[in-house]
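The values are calculated or read from the model by the stated rules, or taken from the named source; none is laboratory data. Predicted model, so just to flag it, every value in this text is computed and none were measured. Here the Cβ positions follow ideal geometry from the backbone for every residue, glycine too, while neighbour counts run over all protein chains shown. When the accessible area is computed, the model is the full protein with side chains, heavy atoms only, and any ligands, DNA or RNA have been set aside. Shrake-Rupley method; radii C 1.70, N 1.55, O 1.52, S 1.80 Å.
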Amino acid sequence: MQALEPLTAILSTGADLEADQATVAAELLIRSDVSAPAKRAFLLALARKGETATEVAAFAHAFRDHAVDPAVGEWAGRAIDVCGTGGDGSGTFNISTAVSFVVAAAGVPVFKHGNRSITSKCGSADLMEALGIRLDAPHDMLRDSLRELNFCFFFAPAYHPAFKEIMPVRRALAEEGQRTIFNLLGPLINPGRPAYQLLGVFSKDWVQPLAEALGELGLTAGLVAHGRPQAGSALDELSCAGENFIAGFGRLASVVGGLDPADAGLPSCEFSELNGGDVEANLATMHALLSGAPDAVPAGLRDSVLLNAGVALWIAGAATDVADGVSKARQTLQSGAVEKWLQRVCEFYKKG
């Protein structure tokens, strides 16, 4: 059997792993007969050296192959995932979850892949559950949800059983405040394999490498984004506060640099307007936002949702540019279509 130690030794010299070496490492990390200390040493060496796009893509390829297949290929070529890596420590509202609702209500299939909160008071799965969306929905129900609602939620632990072998090591490192490659992988291993993606990341340093990794995974088009809403702060999504940095992949590989909300007709806002809370507070905010009432939530929060939704619609080919996407997202929200869509979601899961 191959061992992790020689690969750890390579990383310890500062050298990068080739794709095939990274694939071997990924497979060893999820084996039960590889020791926890060996796994820990490898992950620490990789983090200290700094992961490359090739290494991240190889890990993602390996773990995608181990994921449970929900058999949603009928929609995958038109579907998008809108999510962030987490880990930005911002404590904002679940913007990407709201965005996924707007995009689905606008007619684009959404494969939302997420988990319970680790770094915030309310993760995407926590909010989905509070809204009545079943985290344990069987595959046939998810396919019916896509047919009726253009939406499904893949609860990550149910689709990546191989991760149980690395979880104790990941948890121990997280408790020490140590990031690892697993902080980047979640958004790259959506089991439905959507063709499009809008991915937010906790650090500007990862915008271009993750775009390259997603390009290597063969997605049709998408953007990786990072926000700097104010000095000393970071955001794993686009917003109308501060600066946004982006890099594209696939059809949008030439897109790189900044993204100014003003170009889509949206004003800037204060970072405080994006604040979130616990599950109960974010549930109330979500209902208020989706009601479409102009003063229901802070303007900056509504506009930041519209910005992300507009970009997502553009990525998926449902809008000619970001400004057109924002216009379509605004119309969808203000018409009450998203609120009605969410009511249908709740009814769908009640009858299930």
Taking into account only those residues within the stretch 116-131 that are surrounded by fewer than 21 Cβ atoms within 10 Å (Cβ to Cβ), assigned to a loop (DSSP other than H, G, I, E, B) and in contact with an Asp or Glu (Cβ under 9 Å, 6 or more places away or on another chain), which is modelled with the highest pLDDT?
R116
Is it fair to say A41 is open to solvent by less than 20 Å² (accessible area, probe 1.4 Å), in a helix (DSSP H, G or I) and either out of contact with any Pro (no Cβ under 9 Å at 6 or more places or on another chain) or small (G, A, S) (or both)?
no
Of T54, T8, T23, which residue is of a type in the set (S, T, N, Q), out of contact with any Pro (no Cβ under 8 Å at 6 or more places or on another chain), open to solvent by less than 40 Å² (accessible area, probe 1.4 Å) and assigned to a helix (DSSP H, G or I)?
T8
If we keep only residues of the stretch 225-273 that are charged (D, E, K, R) and touching a residue at least 40 places away in the same chain (Cβ under 8 Å), then the residue farthest from L199 (Cα to Cα) is D263
Matching residues in the stretch 193-211 (in contact with a Phe, Trp or Tyr (Cβ under 7 Å, 6 or more places away or on another chain) and not aliphatic (A, V, I, L, M)) number 2
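For (1) closer than 19 Å to A26 by Cβ; (2) among the β-branched types (V, I, T); (3) in contact with a Leu (Cβ under 9 Å, 6 or more places away or on another chain), each residue gets a yes or a no:
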{"position": "I166", "(1), (2), (3)": "yes, yes, yes"}
{"position": "R193", "(1), (2), (3)": "yes, no, yes"}
{"position": "L223", "(1), (2), (3)": "no, no, yes"}
{"position": "D236", "(1), (2), (3)": "no, no, yes"}
{"position": "A241", "(1), (2), (3)": "no, no, yes"}
{"position": "G250", "(1), (2), (3)": "no, no, yes"}
Yes or no: G177 closer than 26 Å to R116 by Cβ, within 16 Å of the chain's Cα centre (by Cα) and at pLDDT below 90?
no
Please identify the pairs in which a residue from the stretch 163-182 that is farther than 21 Å from H61 by Cβ has its Cβ atom under 6 Å from the Cβ atom of a residue that is among the β-branched types (V, I, T), counting only partners at least 6 apart or on another chain.
L173/T180
Cβ-Cβ under 6 Å pairs, at least 6 apart or on other chains, the stretch 338-349 side within 17 Å of D144 (Cβ to Cβ), far side open to solvent by less than 10 Å² (accessible area, probe 1.4 Å) and outside any helix (DSSP H, G or I):
Y349/I133
Taking the stretch 208-235 and the residues there that are part of a loop (DSSP other than H, G, I, E, B) and closer than 17 Å to A19 by Cβ, the one that is nearest to the chain's Cα centre (by Cα) would be L217
Screening A38, A45, A71, A67 for residues that are under 19 Å from the mean Cα position of the chain (by Cα) and either closer than 30 Å to A318 by Cβ or not basic (K, R) (or both) leaves only A67
Give just the number: which of (1) under 16 Å from the mean Cα position of the chain (by Cα); (2) at pLDDT 95 or above does P138 not satisfy?
(1)
Can you tell me which residue in the stretch 132-155 is nearest to W341 (Cα to Cα), limited to those that are part of a helix (DSSP H, G or I) and open to solvent by less than 10 Å² (accessible area, probe 1.4 Å)?
L149
Pull out all pairs, ordered by first then second residue, where Cβ-Cβ is under 6 Å, the residues are six or more apart or on different chains, the first lies in the stretch 44-62 and is touching a residue at least 12 places away in the same chain (Cβ under 8 Å) and within 14 Å of L214 (Cβ to Cβ), and the second is in a helix (DSSP H, G or I) and of a type in the set (V, I, T).
A58/T23
In the stretch 64-87, the residues that are assigned to a helix (DSSP H, G or I) and either in contact with a Leu (Cβ under 6 Å, 6 or more places away or on another chain) or open to solvent by less than 20 Å² (accessible area, probe 1.4 Å) (or both):
W75, A76
Of the conditions (1) farther than 14 Å from Q197 by Cα; (2) surrounded by fewer than 24 Cβ atoms within 10 Å (Cβ to Cβ); (3) modelled with pLDDT of 95 or more, G91 satisfies every one except a single condition; which number is it?
(3)
